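Asks: Just dropping this structure here.
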Amino acid sequence: MKRRLLAPLAISAALLGCVSTTTGTDINPERKQLLIYSNAEMQRMADNYYRQTLAESRSRGVLDSNTAQVNRVRTVASRLIPHVSLLRQDAAGWDWRVHVITDDTVNAYVMPNAKIVFYSGIIERLNLRDAEIAAIMGHEMAHALREHSREKISRRVATNATFGLATSLFGLGGSGVQALGLAGNLGLTLPHSRFQETEADKIGLELMARAGYNPQAAVTLWQKMEAMQANSDVIRVGFLSTHPTSTNRVKELQAMQGAVKPLYEAARQGR
């Protein structure tokens, strides 16, 4: 009986939840998304994770301890953030904050609540140029702008309704704790789909190009990632665990260069 009730619920929710989080551009056309998981809950989860990350890093004395690195990353962010409103008007008013954690971990991310975190390991071990930092940041900002984590959880909610997850999330009984645990893993620690990765690559290229960073740096970045992928101890943690490389990624990024190069040239002329 429960399965017969949950299936229509999931289908109805899916139909009602198809929206687009960003405005389409010539480079990145609009795409409808399934967003039935609560944005308020997504933000609450991200806020908790952010507070925990800051508290743990502060207790170890590694939060924003390298002034030069913090200034570099914040300068890149200050150039990218003004362009988010082109894709999503409300994003210009988000509470963007930037931190660098001094740690050998090769990692960087932008939380759904607009908190940007870089680890010194990704800057140092990949010897990143500012444009390559912009490539990572633009890609991660794209995940936040497109609410990819929320979309990922929403799809799991819809496809797993028969297991009781939908009842938990929509207040119809069941274990909310179990649902939140799954949401946490899906939203913050597991890889995005290949489609979402490609979408984030394209949006990230547009953001960095409009900010005056050479989009070709995204190609060199992922070439460095591919070289690092041979080191299995790095793959198990950090950026490569949630953003696995593929043999086609560099080729795809190279193929996108023609579309964003005029934006980069225009930005350079305007600076």
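Asks: Take the residue pairs Lys115/Lys261; Lys115/Lys152; Lys115/Lys251; Lys202/Lys224 and return only those whose Cα atoms are more than 26 Å apart.
Replies: Long pairs (Cα-Cα over 26 Å): Lys115/Lys261; Lys115/Lys251.
Asks: Separate question: Under a 1.4 Å probe, what is the accessible area of region 28-95 per residue, stated in Å²?
Replies: That works out to 53 Å² per residue.
Asks: Ignoring ligands, DNA and RNA, please state the percent of accessible area on region 24-165 from carbon and sulfur, probe 1.4 Å.
Replies: Its accessible area is 47 percent carbon and sulfur atoms.
Asks: Whole-Hz Karplus ³J(HN,Hα) for region 70-81, in order, using 6.51 cos²θ - 1.76 cosθ + 1.60 and θ = phi - 60°, x for Gly and Pro?
Replies: Working through the residues one at a time gives 4, 4, 4, 5, 5, 5, 4, 4, 5, 8, 7, 4 Hz.
Asks: Still on this structure: In Å², what does the accessible area per residue of region 116-161 work out to with a 1.4 Å probe?
Replies: Here the per-residue accessible area is 25 Å².
Asks: Just the accessible area for Lys261, please: 1.4 Å probe, Å², rounded to the nearest 10?
Replies: 120
The values are calculated or read from the model by the stated rules, or taken from the named source; none is laboratory data. A quick note: this is a predicted structure, and the numbers were derived from the prediction, not measured. Protein only, heavy atoms only, side chains kept; ligands, DNA and RNA dropped before computing areas. Shrake-Rupley method; radii C 1.70, N 1.55, O 1.52, S 1.80 Å.
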